[in-house]
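J.: Take this structure first; my questions come after.
Just so it is clear, none of the values below were taken in a lab; they were calculated from the coordinates. The structure presented is a predicted model; accordingly, all values stated were derived computationally and were not measured. Ideal geometry is used to build each Cβ from the backbone, glycine not excepted, and the neighbour counts take in all protein chains shown.
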Amino acid sequence: MRRRALLSAFPAAVVPAGCLDRAAVAGDGASRSSEAPSENGTSAGGDVSIPDDYAEPGLEFEPDDDGDPVAEWSVGTRPRLAELRDDRPHAVRIWNAADEEREVAVRIRRDGDGTVADDEVTLPADADACLSVALERPADHAVVVFEAGSEPTETVYVGRSLFDCNYSATDVGVHDDGSLSWSTVSTTMGCG
């Protein structure tokens, strides 16, 4: 099921042989912040600092992998070196895991560049469809997702190490109480 979810994040791509594996190594992949983010999950000056002691909580809902995205964002541009090295973008899919349709705010900051996306989107109830985001530029990212009109309380970190020859995706669910759950999957094969 998770392999199908990852493949759906890259519909036009051919996935090389390999198996999916959780990419949640502390400070290396997507990880959890249980405290309110400062400066939307970043340190001063636009740098994204991934804490060493954060851990990915896993999904607490079942997304509808057959649902079409309500919107698709491409954040950043791929540098020529990333294309030459075959560094792939990282997919982030944001779902509403609540019982009612609602508007969520999404802010994405990239290490060294500050805020690179800041917008709101209406998501249907029960994780029927998602916002699909392609993070194009290999770098550490802080993704802050929260119900529109409220304050952010958690940050999902996407580490630079996820931008390699493997396909990777992070599913994020926003629950009734505004809390987040997420999980990252990746093909695991040697890049070289």
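J.: Kindly establish whether SER186 is among the polar types (S, T, N, Q), surrounded by fewer than 21 Cβ atoms within 10 Å (Cβ to Cβ) and over 20 Å from SER49 (Cα atoms). Don't jump to the end; show me each part of the working.
T.: Values: among the polar types (S, T, N, Q): yes; surrounded by fewer than 21 Cβ atoms within 10 Å (Cβ to Cβ): no; over 20 Å from SER49 (Cα atoms): yes.
Taking the combined requirement at face value, the residue does not satisfy it.
J.: In addition: Would you mind finding the one in ALA142, ALA134, ALA91 that is under 21 Å from ASP53 (Cα atoms), under 11 Å from the mean Cα position of the chain (by Cα) and among the small types (Gly, Ala, Ser)?
T.: Details: ALA134 fails: under 21 Å from ASP53 (Cα atoms); ALA91 fails: under 21 Å from ASP53 (Cα atoms).
Residue meeting the stated conditions: ALA142.
J.: A follow-up question, please. Can you tell which of GLU120, GLU154, GLU103 is part of a strand (DSSP E or B), in contact with a Leu (Cβ under 8 Å, 6 or more places away or on another chain) and of a type in the set (Asp, Glu)?
T.: Numbers: GLU120 fails: in contact with a Leu (Cβ under 8 Å, 6 or more places away or on another chain); GLU154 fails: part of a strand (DSSP E or B).
One residue alone meets the criteria, GLU103.
J.: Considering only the range 93-103, state which residues are surrounded by fewer than 22 Cβ atoms within 10 Å (Cβ to Cβ) and under 17 Å from THR155 (Cβ atoms).
T.: Once the filter is applied, which keeps residues that are surrounded by fewer than 22 Cβ atoms within 10 Å (Cβ to Cβ) and under 17 Å from THR155 (Cβ atoms), the range 93-103 yields nothing.
J.: Here's a follow-up. When you go through ALA169, ALA134, ALA148 one by one, which is the residue that is surrounded by fewer than 21 Cβ atoms within 10 Å (Cβ to Cβ), in contact with a His (Cβ under 9 Å, 6 or more places away or on another chain) and either touching a residue at least 12 places away in the same chain (Cβ under 8 Å) or under 13 Å from ALA91 (Cα atoms) (or both)?
T.: Values: ALA169 fails: surrounded by fewer than 21 Cβ atoms within 10 Å (Cβ to Cβ); ALA148 fails: in contact with a His (Cβ under 9 Å, 6 or more places away or on another chain).
ALA134 is the lone residue from the list that is surrounded by fewer than 21 Cβ atoms within 10 Å (Cβ to Cβ), in contact with a His (Cβ under 9 Å, 6 or more places away or on another chain) and either touching a residue at least 12 places away in the same chain (Cβ under 8 Å) or under 13 Å from ALA91 (Cα atoms) (or both).
J.: Filter the range 151-166 for residues that are of a type in the set (A, V, I, L, M, F, W, C) and over 17 Å from ILE94 (Cα atoms); which is surrounded by the fewest Cβ atoms within 10 Å (Cβ to Cβ)? Spell out how you get there, then give the answer.
T.: Quick first cut of the range 151-166, residues of a type in the set (A, V, I, L, M, F, W, C) only: 156, 158, 162-163, 165.
The next check asks that each one be over 17 Å from ILE94 (Cα atoms); those that pass are 162-163, 165.
Working: LEU162: 26, PHE163: 23, CYS165: 15.
Looking at residues that are of a type in the set (A, V, I, L, M, F, W, C) and over 17 Å from ILE94 (Cα atoms), I get CYS165.
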